[in-house]
Protein chains: 2
Amino acid sequence: MTGTAGIGTAVADDLPQLTKEGVEDARRRLAERLVTTPVVRCEALDGLAGTRLWLKAENLQLGGSFKMRGALLAVARLAGDGSRGVVAQSTGNHAIAVARAAREYGLPAVLVLPVDAAPTKIAAIRAAGAEVVLAGTALAERTALVEQVRTARGFDLIDPYLDPDVVAGQGSATAELIRQARAEGTALDAVVVPVGGGSAVAGACLAARGHGIRVIAAEPLAVPALGAALRAGRPVTVPVGTTIADGLRPDRISTLAFELARDEVAQVVTVPEAAIAEALCLALVHARLLVEPAAATALAAALRLPAPRPAAVGVLLSGGNVEPGLVASLLAGHLQGEESR
Amino acid sequence: MTGTAGIGTAVADDLPQLTKEGVEDARRRLAERLVTTPVVRCEALDGLAGTRLWLKAENLQLGGSFKMRGALLAVARLAGDGSRGVVAQSTGNHAIAVARAAREYGLPAVLVLPVDAAPTKIAAIRAAGAEVVLAGTALAERTALVEQVRTARGFDLIDPYLDPDVVAGQGSATAELIRQARAEGTALDAVVVPVGGGSAVAGACLAARGHGIRVIAAEPLAVPALGAALRAGRPVTVPVGTTIADGLRPDRISTLAFELARDEVAQVVTVPEAAIAEALCLALVHARLLVEPAAATALAAALRLPAPRPAAVGVLLSGGNVEPGLVASLLAGHLQGEESR
């Protein structure tokens, strides 16, 4: 899982976006169009982690997540190519991002989500004027419906895991984080990113190249798609357990993410549900940031890195689209836990 | 309440810190030592406000509030003058800030707080290695105790409302906000700041000079110390009603703040408790920022500005030191309110 040889590099070489330079280019192009989200330091979380954390607050990004990055690049390209409309499947944030980007370019958009998608995410998509279709809970059910829309309406697919613009765009969040830490005099030793379908980890692998930065992948114990793929030597579909991390529910890692991760991910940390819930509350109480459970999964992993720990760790807080009711109940549970300690 | 003539200017002219240039100097000196907190935009809050808001996220400042600014400048000066130790009274944030600044300069510190101070604030002061003394609930009780400590131990007072370094430091938050908005191409028309003892509003008046920016003061209906002073034509002690905005409980505005506000504050908005609670939840849910009730008071005022509204409004989100239990209960109330709508 180290080195840069292998199919990952081969894949990357095929497409200019899927290189370190492609990610840097995405970062530069997006810097003027999106929010350069802050990197937040927090002594209390550093204390709990036993190392220093740089928290990339993409919960403050337009659309509430880093997925806005890739969507904006992909929609821009399709709009330039005369697209009639766009279609995408997503557990939520990619859909919000595509809907918003499509609105910006005046393109119609259809978004396919699982039936158990977070209501606030569905509302955000509709608020951007896009059409929402719900389809089952498994990735395969959503991709089947996306194919129908493509065929029937002649819309262009924006794949959340394989589209090279999307992967480069998602990677730009990590590139920006590395750059912001460096501007403050810190060379990060590692970055922790959450793993759903794999665009964040694929992008992070590209962004971290040549920096000597270890990429650490965080995934819920309930949906360990990357760990299972790495053990199997190929992407495999895993049973989807119950997880609050709705953004990390894809039950299979993309081929692209797998190939990059196999060669370039230093470590996979699987996170139990209780630790995701606790990390969400700790981010709120200590760093004063509301993050969604997917982002909390990355923070939870950073809080439980085995020793010897990297000395300067970037954490991709990927988004902040979370149900207020879930936050209230997690916070109540956190406070009860504090009392009983 | 308009123009820059009067005693406010006279006061300011006596001390180099209490000028627009003094605040700019503070901003420059602090930029290297503190966090340049982000200015957060939020479409949903803009929609609720009926205008565009620039939210200065000083809840992400070191020590959890903008009070770190003034304390650091004041302690630096005293340490340079050979101080034996520092003492201050505060409802919480100034005390945290002085404790942290004193630790940085190796000075002992005694902080006097009301008996109903927020437990997390007391814990933060003790964590910085300072001594905490609790004294009644009224400002006069705390100032009496501060005098005892000064006399008995020869410590230097850092007044939270009158110390010119403190006022200039607090003003640097507004100066930075104005500058950050301008860097993004926006000339703010107004800034909304919360009013407790008055250092924020005094600093904001100085920072806003010459920019054509209206200073709007936000205070809880339960402790309307500035409004009462402006009506009386002098600072008066008001009865302290029950408010969740623990940072805004001082029952009397400082002479300095009164004189500046009388001449330079365009508008005072008083905010009922329910609106403070709601604004705290709206900041959390929409802007993904955890703020304390004092900061929420400023946001609440910005959300209820009477028409015609200024087109670009800066809001000083002064801090994020809030009891998690209070957040949980406010959020639960907010969600019940949403359901019943």
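Nothing in this text is a laboratory measurement; each read-out follows from the coordinates by a stated rule. Everything numeric in this text was worked out from a predicted model, so none of it was measured. When we count neighbours, we look across all protein chains shown, and the Cβ atoms used for this are built from the backbone with ideal geometry, even at glycine.
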Positive dipole terminus of chain A, leading residue within A:LEU188, A:LEU316, A:ALA130 (C-beta point charges): A:LEU188
Rounded to 5, percent antiparallel among DSSP beta bridges of chain B: 10 percent
Residues B:ILE244, A:ILE122, sorted so that the one with the fewest Cβ neighbours within 10 Å comes first: A:ILE122, B:ILE244
Max mean-square fluctuation residue, GNM over chain B, Cα-Cα springs under 10 Å, options B:ARG252, B:ARG100, B:ARG153: B:ARG153
Dipole magnitude (debye, nearest 20) for the stretch A:67-157, charges at Cβ of Lys, Arg, Asp, Glu: 220 debye
Nearest-to-axis residue of chain A, judged by beta-carbon position, where the axis maps A onto B, in Å: A:PRO38, 2
7 Å along Cα→Cβ, label-point gaps from B:ALA307 to other copies, nm, shortest first: 6.4
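So if I place +1 on the C-beta of Lys and Arg and -1 on the C-beta of Asp and Glu, and nothing else carries charge, what would the dipole magnitude of chain A be about its Cα centre? I want it in debye, nearest 20.
Dipole of chain A, to the nearest 20 debye: 300 debye.
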15 Å beta-carbon shell around B:GLU147, net charge (K/R +1, D/E -1): 0
For B:THR137, B:THR19, B:THR37, order by how many other beta-carbon atoms lie within 10 Å, fewest first: B:THR137, B:THR19, B:THR37
Top of B:GLY233, B:GLY203, B:GLY70 by mean-square fluctuation, Gaussian network on chain B, Cα under 10 Å: B:GLY233
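Based only on the alpha carbon positions, what is the Kirkwood hydrodynamic radius of the protein assembly as shown, in angstrom?
On the way: mean 1/r = 0.0388 Å⁻¹.
Hydrodynamic radius (Kirkwood, Cα only) of the protein assembly as shown equals 25.8 Å.
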Gaussian network model of chain B, Cα within-10 Å springs - most flexible of B:LEU177, B:LEU30, B:LEU260: B:LEU30
For B:CYS205, B:CYS42, order by how many other beta-carbon atoms lie within 10 Å, fewest first: B:CYS42, B:CYS205
Loop-exposed GluC sites (Glu not before Pro) per DSSP, neighbour cap 11 Cβ within 10 angstrom, longest uninterrupted part of chain B: B:185-341
Counted charge near A:ALA257, where neighbours are those whose Cβ lies closer than 13 Å (Asp, Glu -1; Lys, Arg +1): -3
Rounded to 5, the percent of DSSP beta bridges in the protein assembly as shown classed as antiparallel: 10 percent
Residue mean of other protein chain beta carbons inside 10 Å, A:285-292: 6
Computed over the stretch A:67-157, Kirkwood Rh from alpha-carbon pairs, angstrom: 12.6 Å
Unit charges on C-beta of K, R, D, E only; dipole of the protein assembly as shown, Debye: 480 debye
Of A:LYS20/B:LYS56; A:LYS56/B:LYS121; A:LYS67/B:LYS121; A:LYS20/A:LYS121; A:LYS56/B:LYS20; A:LYS121/B:LYS121, pairs whose Cα-Cα distance is over 29 Å: A:LYS20/B:LYS56; A:LYS67/B:LYS121; A:LYS20/A:LYS121; A:LYS56/B:LYS20; A:LYS121/B:LYS121
Total formal charge among the other residues, if their Cβ is under 14 angstrom from that of A:LEU157, Lys/Arg +1 and Asp/Glu -1: -1
Expected-Rg normalisation [2.2 N^0.38 Å, Cα atoms] applied to chain B: 0.91
